[in-house]
Amino acid sequence: MVYKVLIADDEPLILKNLTQIIDWPALNCTVAGTAQNGHEALAILEKIQMDIILTDISMPGMTGIDLLKKIQTLPYKPITLLISGYDDFEYAREGIKNNALDYILKPIDYDELQECIERAVGQLDQQKRSESEYEKFQIYELMTTEKTDPEIPNKVGSYLAIALKSYEKNLESIIQRLHDKLYVYRMSDEEVIIVLTSPHDSIKEYALDLAQQIISNVSQKCVVSIGEHVDCLMDVKKSVNHAREWLKFDAFTKSTIITDELIKQEYKPKHTAADQMDEAIAYIKNHFEQDLGMEQVAEKVGLSVSYFSHLFKQRTGVTFLEYLTNVRVDYACLFLQNLELKTYEIALKVGYTDQRYFSQVFKKKMKKTPSEYRKMFK
């Protein structure tokens, strides 16, 4: 994890030096913001969650000490290092009293400052490890019991469970070698549960990538199922149960990675005859202006022409050609009533390339020629 750093100092040259002289990437840090006074720094902190703050004590408007006091009211408290040109123990004591990690005097000794930053990073690393270990324990409790500690807040974040079935003896170490920031639980001789947590929306893609890597790195047969994505810690059990349910489909699928999408696709209910006729009718209504034949529509709904013809007449009471003709003539009537198009133009719009044939079909059904029909609405 790369830690975010905020630097606040009212002297532009010092601000520039602090940004450039320290090798932040080597310390696993990035300067995510700079400010020239305490008010600017506080505004940034209210928008971005910083891990380390490097701030001058003496700044206009809001001092570094005032900023430090404000930080104590934030939900997330970054580690703070104070810088000052005043060799005054009272400033240091005030800063330490308000939870500053250390106090650096100007002119800045950059070696000393780097040591302070390294201590801050070490403290953050230890804090992350402790939080991770406790969260791992919390997830295990949620998976195996119904009890949760009421004093623990329901942490918001992306969580997703993966269930694995394999007799690979070293499965946990293989998984941890692939990705070290995972919660891995051996539940039985053949079952391992992994819980992923990520701030990103792409957690499902991350899970699929991990599943593929695991399968390619084990020698024993391994089946992986991926649970649903949940948005808070207390819902992790839902994702675990979901993954375990999908794992039961192992006997019914050849896939080594089982997802809800895969199951829905493989076990999609077959269309009934009524569904197929509904699909055919909708297709005719949406494509009547094309050179449409019964063979094309039968193929579209997955039926032989003879069986389609039988079902279609049973459903509509007319043959395919009669139904298509009715749809085309109905639309022709609509166009004749409302549009000043020539007869051949209307013929083309409803699927007839021959105007004369269209007029014959129209008259047979409506007992009037297209021109006679149009006069009724003028």
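The values are calculated or read from the model by the stated rules, or taken from the named source; none is laboratory data. Here the structure is a predicted model, which means the values were calculated and not measured. Positions of Cβ are backbone-derived with ideal geometry, glycine not excepted, and every protein chain shown enters the neighbour counts. Side chains included, ligands, DNA and RNA excluded: accessible areas come from the protein's heavy atoms. Shrake-Rupley method; radii C 1.70, N 1.55, O 1.52, S 1.80 Å.
Can you name the number of the only condition in (1) at pLDDT 85 or above; (2) of a type in the set (D, E, K, R); (3) out of contact with any Leu (no Cβ under 8 Å at 6 or more places or on another chain) that K70 fails?
Only one criterion is unmet by K70, namely (3).
List the number of the failed condition for Y323; all other conditions in (1) surrounded by fewer than 19 Cβ atoms within 10 Å (Cβ to Cβ); (2) touching a Ser or Thr at 6+ places or on another chain (Cβ under 6 Å) hold.
Going through (1) surrounded by fewer than 19 Cβ atoms within 10 Å (Cβ to Cβ); (2) touching a Ser or Thr at 6+ places or on another chain (Cβ under 6 Å) one by one, Y323 breaks only (1).
Could you list all residues from the range 326-378 that are in a loop (DSSP other than H, G, I, E, B), hydroxyl-bearing (S, T, Y) and open to solvent by 100 Å² or more (accessible area, probe 1.4 Å)? Before you say what the answer is, go through the steps one by one.
Taking the range 326-378 and keeping what is in a loop (DSSP other than H, G, I, E, B), we get 339-342, 350-354, 367-369, 376-378.
Restricting the remaining residues to those that are hydroxyl-bearing (S, T, Y) gives 352-353, 369.
Matches in the range 326-378: T353 only.
Across the range 191-204, what is the number of residues that are buried (at least 16 other Cβ atoms within 10 Å of the Cβ) and at pLDDT 90 or above?
Going through the range 191-204, the residues buried (at least 16 other Cβ atoms within 10 Å of the Cβ) turn out to be 192-198, 203-204.
Filter again for at pLDDT 90 or above, leaving 192-196.
Residues that pass the stated criteria total 5.
Looking at the range 55-79 only, could you name the residues that are open to solvent by 20 Å² or more (accessible area, probe 1.4 Å) and over 36 Å from the mean Cα position of the chain (by Cα)? Full working, then the answer.
Of all residues in the range 55-79, those open to solvent by 20 Å² or more (accessible area, probe 1.4 Å) come to 58, 60-61, 63, 66, 69-70, 72-77.
Selection gives S58, P60, G61, T63, D66, K69.
Going through the range 1-32 one residue at a time, which ones are assigned to a helix (DSSP H, G or I), surrounded by fewer than 17 Cβ atoms within 10 Å (Cβ to Cβ) and touching a Phe, Trp or Tyr at 6+ places or on another chain (Cβ under 9 Å)?
If we filter the range 1-32 for residues that are assigned to a helix (DSSP H, G or I), which is where we start, we get 12-20, 25-27.
From what is left, the residues that are surrounded by fewer than 17 Cβ atoms within 10 Å (Cβ to Cβ) are 12-13, 16-17, 19-20, 25-26.
If the condition is that a residue be assigned to a helix (DSSP H, G or I), surrounded by fewer than 17 Cβ atoms within 10 Å (Cβ to Cβ) and touching a Phe, Trp or Tyr at 6+ places or on another chain (Cβ under 9 Å), then N17 is the only one that fits.
Exactly one condition in (1) over 18 Å from N17 (Cα atoms); (2) crowded, with 22+ Cβ neighbours inside 10 Å; (3) in contact with a Lys or Arg (Cβ under 7 Å, 6 or more places away or on another chain) is false for N98; which is it?
Failing condition for N98: (2).
Conditions tested, residue by residue: (1) small (G, A, S); (2) at pLDDT 90 or above; (3) open to solvent by 30 Å² or more (accessible area, probe 1.4 Å).
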position: Y206; (1), (2), (3): no, no, yes
position: Q212; (1), (2), (3): no, yes, yes
position: D235; (1), (2), (3): no, no, yes
position: A274; (1), (2), (3): yes, no, yes
position: M277; (1), (2), (3): no, yes, no
position: S304; (1), (2), (3): yes, no, yes
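Find the strands (runs of 3 or more DSSP E) located wholly in the range 167-286 whose residues include 2 or more that are farther than 30 Å from T316 by Cα, in contact (Cβ under 8 Å) with a residue 24 or more places away in the chain and not aromatic (F, W, Y), and list them. Outline the logic, then answer.
Numbers: elements: 183-186, 191-198, 222-232.
So the answer is 191-198, 222-232.
Right, V230: crowded, with 16+ Cβ neighbours inside 10 Å and more than 18 Å from the chain's Cα centre (by Cα) or not?
Details: crowded, with 16+ Cβ neighbours inside 10 Å: yes; more than 18 Å from the chain's Cα centre (by Cα): no.
No: the conditions fail for V230.
Could you pull out the residue among Y103, Y134, Y91 that is open to solvent by 30 Å² or more (accessible area, probe 1.4 Å), at pLDDT below 90 and not in a helix (DSSP H, G or I)? Let's see the steps before the verdict.
Values: Y134 fails: not in a helix (DSSP H, G or I); Y91 fails: not in a helix (DSSP H, G or I).
Just one listed residue meets the conditions, Y103.
Looking only at the range 207-227, which residues are under 18 Å from the mean Cα position of the chain (by Cα) and of a type in the set (A, V, I, L, M, F, W, C)?
Hits for the range 207-227 are A207, L208, L210, A211, I226.
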